[in-house]
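The values are calculated or read from the model by the stated rules, or taken from the named source; none is laboratory data. Keep in mind that what you see is a predicted model, and the values were worked out from it rather than measured. Here Cβ is always computed from backbone atoms with ideal geometry, including for glycine, and neighbour counts include all displayed protein chains.
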Amino acid sequence: MSVQLPDTNSRYHRQELITWWDQEKLLSSRVLVVGAGAIGNEVAKNLALVGVGHVEICDMDTIEHSNLARCVFFRDSHEGRNKAEVLAQEIATLNPDIVALGHGVAVQRLGIGYLRGFDIIIGALDNREARAWVNQACRKLGKYWIDGAIEGLRGLVRIFGPDGPCYACTLTEADYKQMSHRKSCALLAPEEILAGKTPTNATTAAIVAGIQVQEAIKFLTDNQDLLSVVGKVWSYTGDTMDVFVSKYQEDDYCLAHDFYDTILSESVHDTLASAITHAASVLGEDPVALDFEDDLITVLPCHNCGSGEPATKLRSAFGLGEGRCEGCGAERVGDMVTSLPIDSPIVDLAVTELGFPLSDMVTIRGNTNRVAVVVSGGN
Ligand SMILES: [Zn+2]
Ligand SMILES: [Zn+2]
């Protein structure tokens, strides 16, 4: 058997000399990068350089002057533009072999259904809420995701898979308390769940992103046996140069250990009623209820002054301050549900009207079975 040697004229020749490398696999891979800040820039740079064929990036933030010292692709002239869009545009220039798309929205607005289209998800995030969302989405879809985090000169990388410990298993009771406190303000838009400004710098971001993409390459080229931090954390302290790896404990009572038994993906629905009809055909029993991935919030006219229009939308679709009364500033709180009985009149509304993200999933259940169906909204 003759061994095929890499083409010396290939753009990728040097890396193809790595014995287990598989450039074809990388070029046909699809990766979603969640976050286009300091880590996201470095992750995207590495993915583009090694030739990952399809990269999408999402981030709702715009480029500020204080990003320029940490983000390799951002220039003064980009200030005020969306981070994900600029980053995608710049990496496509770095490597014309690849396709790069930027989405100027929070990952929740792409929706869990959108994540089905990727081989792996890379988290370049700065807050727990978004990490918890990505974690839950990946767990339900049976996908791997690679989280990276930095603070000062410290950084960590961890991979969570379809089983074993997940990100939620690593959270303490105090973390949960803080998250549920923030969530209890019913109409907190994603923009309002702001992470504190943590001290970070370019070198730490580069180190962490380098490890993340190195692990992603092993995964994408089917060298899973080389993956070393699944269910574990790689932790780095730049002040002392200490590095260690430790294993996470799986929490048997973790609320995030849920998955879709069956996904009906052959058709995409634009009303919940149509999703229910589709699900009913395979459920083997009468559908009873449907579950959402997000809270469905019904806002009523202001209890204080009576003004404002009633609205029923998913939590992530509410804009900044939209839950407050325009007239008197009081919070317009109504009902909040994550499930509906299938005879609710809401199921006949268009999912775009209900604020569903670009590609979402709803679970339709009977008394014993359940199936997940894809619904398409917008962002
Ligand atoms: Zn867990
Ligand atoms: Zn009012």
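Tell me, which residue of the range 49-68 that is part of a loop (DSSP other than H, G, I, E, B) and not small (Gly, Ala, Ser) is nearest to the chain's Cα centre (by Cα)?
Filtering the range 49-68 down to residues part of a loop (DSSP other than H, G, I, E, B) leaves 51-53, 59-61, 63-64, 68.
So of that shortlist, the ones also not small (Gly, Ala, Ser) come out as 52, 59-61, 63-64, 68.
Working: Val52: 19, Asp59: 10, Met60: 12, Asp61: 15, Ile63: 20, Glu64: 23, Leu68: 24 Å.
Restricting to residues being part of a loop (DSSP other than H, G, I, E, B) and not small (Gly, Ala, Ser), the top hit is Asp59.
Going through Arg131, Arg139, Arg158 one at a time, which residue ends up being within 16 Å of ligand 1 (Cβ to nearest atom) and not in a helix (DSSP H, G or I)? Let's see the steps before the verdict.
Numbers: Arg131 fails: not in a helix (DSSP H, G or I); Arg139 fails: not in a helix (DSSP H, G or I).
Being within 16 Å of ligand 1 (Cβ to nearest atom) and not in a helix (DSSP H, G or I) holds for just one of Arg131, Arg139, Arg158, which is Arg158.
Out of everything in the range 96-122 that is farther than 22 Å from Asp295 by Cβ and under 10 Å from the mean Cα position of the chain (by Cα), what residue ends up being surrounded by the fewest Cβ atoms within 10 Å (Cβ to Cβ)?
Residue satisfying both the conditions and the ranking: Ile121.
Is it true that Val245 is within 16 Å of ligand 1 (Cβ to nearest atom), part of a strand (DSSP E or B) and either outside the structural domain of Glu331 (by TED's automatic domain parsing) or modelled with pLDDT of 90 or more (or both)? Don't jump to the end; show me each part of the working.
Working: within 16 Å of ligand 1 (Cβ to nearest atom): no; part of a strand (DSSP E or B): yes; either outside the structural domain of Glu331 (by TED's automatic domain parsing) or modelled with pLDDT of 90 or more (or both): yes.
So Val245 fails the test.
Hey, among Gly327, Gly308, Gly321, which residue is at positive phi, within 16 Å of ligand 2 (Cβ to nearest atom) and either in contact with a Cys (Cβ under 7 Å, 6 or more places away or on another chain) or polar (S, T, N, Q) (or both)?
Just one listed residue meets the conditions, Gly308.
Taking the range 273-311 on its own, how many of its residues are touching a residue at least 24 places away in the same chain (Cβ under 8 Å) and over 24 Å from the mean Cα position of the chain (by Cα)?
23
Filter the range 38-59 for residues that are small (Gly, Ala, Ser) and crowded, with 23+ Cβ neighbours inside 10 Å and give the result. Show your work before the answer.
The first filter runs over the range 38-59 and keeps only residues small (Gly, Ala, Ser), leaving 38, 40, 44, 48, 51, 53.
Within the range 38-59, Ala38, Gly40, Ala44, Ala48 meet the criteria.
Specify which of the listed residues (Thr338, Thr368) is touching an Asp or Glu at 6+ places or on another chain (Cβ under 8 Å) and free of Cβ contacts under 8 Å to residues at least 60 places away in the same chain. Talk me through it step by step, then tell me what you get.
Working: Thr368 fails: free of Cβ contacts under 8 Å to residues at least 60 places away in the same chain.
Thr338 is the lone residue from the list that is touching an Asp or Glu at 6+ places or on another chain (Cβ under 8 Å) and free of Cβ contacts under 8 Å to residues at least 60 places away in the same chain.
Being within 27 Å of Leu115 (Cβ to Cβ), within 16 Å of ligand 2 (Cβ to nearest atom) and surrounded by 14 or more Cβ atoms within 10 Å (Cβ to Cβ): is that true of Glu293 here?
Values: within 27 Å of Leu115 (Cβ to Cβ): yes; within 16 Å of ligand 2 (Cβ to nearest atom): no; surrounded by 14 or more Cβ atoms within 10 Å (Cβ to Cβ): yes.
Against the criterion (within 27 Å of Leu115 (Cβ to Cβ), within 16 Å of ligand 2 (Cβ to nearest atom) and surrounded by 14 or more Cβ atoms within 10 Å (Cβ to Cβ)), Glu293 does not qualify.
With the checklist (1) surrounded by fewer than 19 Cβ atoms within 10 Å (Cβ to Cβ); (2) assigned to a loop (DSSP other than H, G, I, E, B) in hand, flag the one item Cys71 doesn't pass.
The number of the failed condition is (1).
Condition check: under 26 Å from Leu110 (Cα atoms), of a type in the set (A, V, I, L, M) and not in a helix (DSSP H, G or I). Does Val347 satisfy that?
No.
Between residues in the range 236-261 that are among the acidic types (Asp, Glu) and residues that are near ligand 1 (Cβ under 10 Å from one of its atoms), which pairs lie under 7 Å by C-beta distance while being six or more apart or on different chains?
Partner pairs satisfying both residue conditions: Glu250/Gly164; Glu250/Pro165; Glu250/Cys169; Asp251/Cys169; Asp258/Arg139.
Considering only the range 287-308, I want to know if a residue exists there that is more than 30 Å from Arg332 (Cβ to Cβ) and either touching a strand residue (DSSP E or B) at 6+ places or on another chain (Cβ under 8 Å) or more than 16 Å from ligand 1 (Cβ to nearest atom) (or both).
yes
In the range 345-355, how many residues are surrounded by fewer than 16 Cβ atoms within 10 Å (Cβ to Cβ) and either within 16 Å of ligand 2 (Cβ to nearest atom) or more than 26 Å from Gly306 (Cβ to Cβ) (or both)?
Of the residues in the range 345-355, 3 are surrounded by fewer than 16 Cβ atoms within 10 Å (Cβ to Cβ) and either within 16 Å of ligand 2 (Cβ to nearest atom) or more than 26 Å from Gly306 (Cβ to Cβ) (or both).
Determine, yes or no, whether Cys302 is within 16 Å of ligand 2 (Cβ to nearest atom), over 27 Å from Ala130 (Cα atoms) and exposed (fewer than 15 other Cβ atoms within 10 Å of the Cβ).
no
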